[in-house]
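Working notes, structure below.
The values are calculated or read from the model by the stated rules, or taken from the named source; none is laboratory data. For clarity, every value in this text was computed on a predicted model and none was experimentally measured. Quick reminder, even Gly has a Cβ in these numbers, built from the backbone with ideal geometry, and neighbours come from all protein chains shown. All accessible areas refer to the heavy atoms of the entire protein, side chains included, with ligands and DNA or RNA removed. Shrake-Rupley method; radii C 1.70, N 1.55, O 1.52, S 1.80 Å.
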Amino acid sequence: MLQRIIALSLVCLVGIGGFQVWLDRQKQEKQFFNTMSLIVETSSRAIAYAVWDIDREVLHNHVQRLTEIEAVGFVRLTLTVTGEMITAGSTGIGKDVPSYQAVIYSPDYKNQSLGTIEVWADRAYHRNLLWESQKHVIPGYLIFTVLMCFMVAWVMQHDLGIPLRQIADFVRNLKPEELNQPLELRRPDRQRADEIDMVMQGFQHLQTALDRHIKDLDGLVKERTAELSTMVDEVKRLSQLDALTGAYNRRAMEMRLPLDIERCMRYGRPLSVIFTDIDRFKRINDQHGHAVGDEVLKDVAKRLQEGLRANVDWMVRFGGEEFVIFMPETALRSATEIAERLADVVRRTPWQMGDLVLPLTCSFGVTQYQPGDTMDSLLERADELLYKAKRDGRDCVRASRGSEAESSANCVS
């Protein structure tokens, strides 16, 4: 901060000095103009006669005498009739020096121009005048600026730097369990509060608010954690469900079935699988549209779900109109009986929507896990039994425990 103050002070010093130089330059230009105007007007009649007579020697003398003036650096006389230019003095003229220009008129005809005379101030003389006018002012500005910087630095160090360091040390060593510790500064007594006191008051308000917030934070975290856990569980559940039928999807099957197979192998408990699909479902889609087909799928899935044991059996929409039912702790005979009951549930009540009535049936393939089975081999066997039921006329159950003889309910054409 002190560096910025010093830099700003120097900028102000340069700005004020530059403005003062500009004012002095304007004053000098005005003074030079007035002086040259008086000198040129005094000698303009003599110059006019010399120009009229085309007396070049006299003209050179007049121009030379003008350059002998200390303030004049260069003079140029331009003759209108001949276009000739008569010059004298240093040629080092520029835009940074004052100049004066006047027209030389005929001594007999006031409106007849004989030429123009231009006078430039001497560059060195002009700069010396500027320096003389500033050399006593600039040191004063510089001394004033340095004194102001020292005073500001002392005030900042005494009234701002020390208290701020104390505040920084307090904050650096502050621990969460010591949040209520008051901030105390070693400062002399004052009649009225200043900005440091306002900072202390603001810090005390902040301590109080933080303490209150930390006390409520544990409960808030527990609440948000519970909400997040519920949301995660819901997202996980939805990611494992088929959006149309509400049954599990194949992703859920690939996660859950290996666990059921492992449990079956470890404890020697039976695990049966029912593979089923809706008979002639393609005909329903072709004749009545996919919207009707979707409603049929939802209705059949609901009937199958209602015929299973809650929290034990689980069903997966395998694809299209195909469903797979997994039945832990269930032997092949019991699974076959359940499949026959499910077939009767689907067959018994036609599906209806408005005036449209559709009889529905399903075919079933049932098998039981055997040692050495993998997830793929178990599903493949159940799928083969399903297609056997299809070949045998649909609306029936075909069951087999690996290489054992199959059992089935009667099929209808």
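Per-structure values
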read-out: So residue 281, is it modelled with pLDDT of 95 or more, open to solvent by less than 10 Å² (accessible area, probe 1.4 Å), more than 48 Å from the chain's Cα centre (by Cα) and aromatic (Phe, Trp, Tyr); value: no
read-out: Top-ranked residue in the stretch 137-166 [being open to solvent by 50 Å² or more (accessible area, probe 1.4 Å) and closer than 15 Å to residue 14 by Cα; ranked as modelled with the lowest pLDDT]; value: 141
read-out: Out of 169, 197, sole residue that is modelled with pLDDT under 80 and surrounded by fewer than 11 Cβ atoms within 10 Å (Cβ to Cβ); value: 169
read-out: Condition check for residue 127: under 22 Å from residue 35 (Cα atoms), modelled with pLDDT of 70 or more, in a helix (DSSP H, G or I) and open to solvent by 80 Å² or more (accessible area, probe 1.4 Å); value: yes
read-out: Pairs where the first residue, in the stretch 304-321, is under 19 Å from residue 237 (Cβ atoms) and the second is of a type in the set (S, T, N, Q), C-beta under 8 Å, 6+ apart; value: 313/330; 315/305; 316/249; 317/245; 317/249
read-out: Residue 174 being touching a helix residue (DSSP H, G or I) at 6+ places or on another chain (Cβ under 6 Å), at pLDDT below 75 and either under 29 Å from residue 299 (Cα atoms) or open to solvent by less than 100 Å² (accessible area, probe 1.4 Å) (or both); value: no
read-out: Which listed residue, of 114, 38, is aliphatic (A, V, I, L, M), open to solvent by less than 50 Å² (accessible area, probe 1.4 Å) and at pLDDT 70 or above; value: 114
read-out: Residue count, the stretch 55-75 (criterion: without any contact (Cβ under 8 Å) to a residue 24 or more places away in the chain and more than 18 Å from residue 120 (Cβ to Cβ)); value: 4
read-out: Residue in the stretch 373-388 that is surrounded by 14 or more Cβ atoms within 10 Å (Cβ to Cβ), modelled with pLDDT of 95 or more, more than 23 Å from residue 329 (Cα to Cα) and not acidic (Asp, Glu) present; value: yes
read-out: Residue match in the stretch 310-330 (condition: surrounded by fewer than 17 Cβ atoms within 10 Å (Cβ to Cβ) and basic (Lys, Arg)); value: no
read-out: Residue 398 in a loop (DSSP other than H, G, I, E, B) and over 53 Å from the mean Cα position of the chain (by Cα); value: no
read-out: The stretch 311-363, residues that are of a type in the set (Ser, Thr, Tyr) and under 16 Å from residue 275 (Cβ atoms); value: 330, 336, 361, 363
read-out: The stretch 200-232 - residue that is charged (D, E, K, R) and at pLDDT 75 or above and, of those, nearest to the chain's Cα centre (by Cα); value: 224
